[in-house]
Amino acid sequence: MVIAVDGPGGVGKSTVSRRVAALVGLPHLDTGATYRAATLRALKAGVPLDDEDAVVEALEDATIEIDRGRVFLDGRDVSTTIRSPEVTAAVSTVSAHPRVRERIVAWQRTWVADHGGSAVVEGRDIGTVVFPDADVKVFLDARPEVRAARRAGDAEAAGRPPEEIVGELVARDRADSTREVSPLQPAADAVIIDTSDLGIDAVVDRIMHLVSSVQDRARS
C-alpha cells in the first residue's frame, strides 16, 4: 500500500505522515528531503542554481540515502544542514528543473520499491506524479498565517517571526504551483483536508479512516 500525503509547507505533512506510518506499520519517506539534499549538493558545488545543465552535472555522482528519517548525502548525515535558511531559499529553484525532478522521482520510486513497495510518502507531487496510483491520496492545506505560525517553530525558520515567514511561504507556493513540471496541486481523486483548525490527532484519524476503507475493500 502507498499512502500519498501532499501539500504546501507548514500544513503538518511530516508529523501526520510519521504518525500514520507508525500506525499502519509502513516506512515513511519525506520526498522534500531528497530535493533539499540535491539543493545542498548544488550549493556546495557552487554552480548557478538557475542553470539546469550545471545543476544536473553537480548531481551526477551524488548519493542520497534516507534511513529511519536521517538524510545522508554522499555518506554524510545532512539531516540538519538541509533545513538551513540557505537551502530553504534555494530549493524551489533547484526542484523546478525538469531533469532534476526526473532524477529525484526515479530515486523516490526506487526507495519505495526497495522497502517492499509500500510506504507513507509525503511531498508536493506524490499523488499526481510520483505515485499516481497510490491507494490513498490526501492533500493537506491550511491558511497561510496558520502555516507560518507552525513553521516558525521549525529549525529552518531560524527564529524569525511568523509575519516574515508568511511572505516566504506564499512565494514558495506560487513558485511550486506555477512551475511547468509537477506543479503543486491536489490530485483529482485526492481527499483535501484543511488542517487550519484541526489538531494532529484529528487529521491522523481522518487519514486512518481512509486507510481502513481501502483495507476493507481489499479484503472483501
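The values are calculated or read from the model by the stated rules, or taken from the named source; none is laboratory data. Note that the structure is predicted; figures quoted are calculated from it, not measured. As a convention, Cβ positions derive from the backbone with ideal geometry for all residues, glycine included, and neighbour counts pool all protein chains shown.
Brief remarks on what is shown
- Qualifying residue in the range 42-57 (condition: among the charged types (D, E, K, R) and buried (at least 22 other Cβ atoms within 10 Å of the Cβ)): no
- For residue 95: the one exception among (1) among the small types (Gly, Ala, Ser); (2) at pLDDT 95 or above; (3) in contact with a Lys or Arg (Cβ under 8 Å, 6 or more places away or on another chain): (2)
- Test: residue in the range 104-114 that is of a type outside the set (D, E, K, R) and either over 27 Å from residue 211 (Cβ atoms) or modelled with pLDDT under 95 (or both): no
- Residue-level check: of (1) touching a Leu at 6+ places or on another chain (Cβ under 9 Å); (2) modelled with pLDDT of 95 or more, residue 151 misses just (2).
- Residue among 130, 170 that alone is in contact with a helix residue (DSSP H, G or I) (Cβ under 8 Å, 6 or more places away or on another chain), at pLDDT 90 or above, among the hydrophobic types (A, V, I, L, M, F, W, C) and over 16 Å from residue 20 (Cα atoms): 130
- The criterion of at least 2 residues that are of a type in the set (S, T, N, Q) and without any contact (Cβ under 8 Å) to a residue 40 or more places away in the chain is met by the following helices (runs of 4 or more DSSP H) wholly inside the range 112-219: 162-178, 200-219.
- Among the conditions (1) free of Cβ contacts under 8 Å to residues at least 12 places away in the same chain; (2) touching a Gly at 6+ places or on another chain (Cβ under 8 Å); (3) of a type in the set (D, E, K, R), residue 76 misses just one, which is (2).
- Residue 62 vs. criteria out of contact with any Asp or Glu (no Cβ under 8 Å at 6 or more places or on another chain) and either closer than 28 Å to residue 197 by Cα or buried (at least 16 other Cβ atoms within 10 Å of the Cβ) (or both): no
- Test: residue in the range 9-31 that is surrounded by fewer than 19 Cβ atoms within 10 Å (Cβ to Cβ), in contact with a strand residue (DSSP E or B) (Cβ under 8 Å, 6 or more places away or on another chain) and basic (Lys, Arg): yes
- Any chance residue 214 is closer than 26 Å to residue 26 by Cβ, among the hydrophobic types (A, V, I, L, M, F, W, C) and surrounded by fewer than 17 Cβ atoms within 10 Å (Cβ to Cβ): yes
- Hey, residue 76 under 18 Å from the mean Cα position of the chain (by Cα) and among the charged types (D, E, K, R) or not: no
- Qualifying residue in the range 53-63 (condition: touching a residue at least 24 places away in the same chain (Cβ under 8 Å) and under 13 Å from the mean Cα position of the chain (by Cα)): no
- Residues in the range 126-144 that are among the charged types (D, E, K, R), within 15 Å of residue 191 (Cα to Cα) and surrounded by fewer than 24 Cβ atoms within 10 Å (Cβ to Cβ): 133, 135, 141.
- Scan of the range 62-82 for residues that are closer than 23 Å to residue 112 by Cβ and of a type in the set (D, E, K, R), ordered by number: 65, 67, 68, 70, 74, 77
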